[in-house]
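Single-structure report; data block below.
What follows is calculated from the coordinates using simple rules that are stated; it is not laboratory data. Please read these numbers as outputs of a predicted model, since none were measured by experiment. Neighbour counts run over all protein chains shown; Cβ positions are idealised from the backbone, glycine included.
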Amino acid sequence: MSAPASSHAYGIGVVALIIGMGASILFYTSFYLPESLEKPSVDLHILEPTESFMISIAEGAATEGNPSYIPNNPKITLTIDNRVLWMNDDMTPHTVTADHRHVDSYSGEFGSNGVVMPGDSYEFIFTEPQELHYHCDPHPWMTGSLIVEKSRF
Ligand SMILES: [Cu+2]
């Protein structure tokens with residue numbers, strides 16, 4: 001090999017190495033790092049539970065004194081039914097709003113983003129044991145709670 005050709009090859013090698021390192025650093029900082037900092041690793045059985053737990057926003061719930069969230073104060077079990085769905089079975093829009101700001105470390109802040117229209121639903125995946133108290137913003141007498149427990153198995 002002549003000297004110029006070998007230094008040329010060497011140059012390409014160095015450039016390729018720099019590009020490679022740059023790409024790895026870029027991937028690490030923009031994809032891997034933010035995701036690993038943002039979300040704790042959660043068991044797949046918790047992220048994809050066997051069932052959804054349905055809570056009905058009852059017909060007539062807007063009227064004070066009527067049942068609002070049915071069932072109320074249920075026990076939810078991680079890996080079994082920790083995907084919870086609030087179904088608005090009423091003719092009036094309602095919200096599902098935490099009494100105090102409530103954050104699940106994987107799913108983030110709890111609460112419907114604005115109102116849930118009649119026939120629509122709000123879904124939340126609970127990933128850790130917790131107790132939650134919530135209400136409806138336009139109808140503050142509508143209150144509910146639930147308890148999320150670890151699976152016994
Ligand atoms: Cu309401």
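Selection of the stretch 76-98 for residues being within 14 Å of the ligand (Cβ to nearest atom) and within 18 Å of the chain's Cα centre (by Cα) yields W86, M87, T95, V96, T97. Checking each residue in the stretch 108-142 for being more than 14 Å from the ligand (Cβ to nearest atom), part of a strand (DSSP E or B) and of a type in the set (S, T, Y) picks out only S121.
Taking into account only those residues within the stretch 99-123 that are among the hydrophobic types (A, V, I, L, M, F, W, C) and closer than 16 Å to D137 by Cβ, which is surrounded by the fewest Cβ atoms within 10 Å (Cβ to Cβ)? Lay out the reasoning, then the answer.
Taking the stretch 99-123 and keeping what is among the hydrophobic types (A, V, I, L, M, F, W, C), we get 103, 110, 115-117.
Pick out the ones that are also closer than 16 Å to D137 by Cβ and you get 110, 115-117.
Numbers: F110: 19, V115: 18, V116: 20, M117: 11.
Among those that are among the hydrophobic types (A, V, I, L, M, F, W, C) and closer than 16 Å to D137 by Cβ, it is M117.
Given the options S151, S145, S105, S68, name the one that is within 13 Å of the ligand (Cβ to nearest atom) and not aromatic (F, W, Y).
Values: S151 fails: within 13 Å of the ligand (Cβ to nearest atom); S145 fails: within 13 Å of the ligand (Cβ to nearest atom); S105 fails: within 13 Å of the ligand (Cβ to nearest atom).
From the options S151, S145, S105, S68, the qualifying one is S68.
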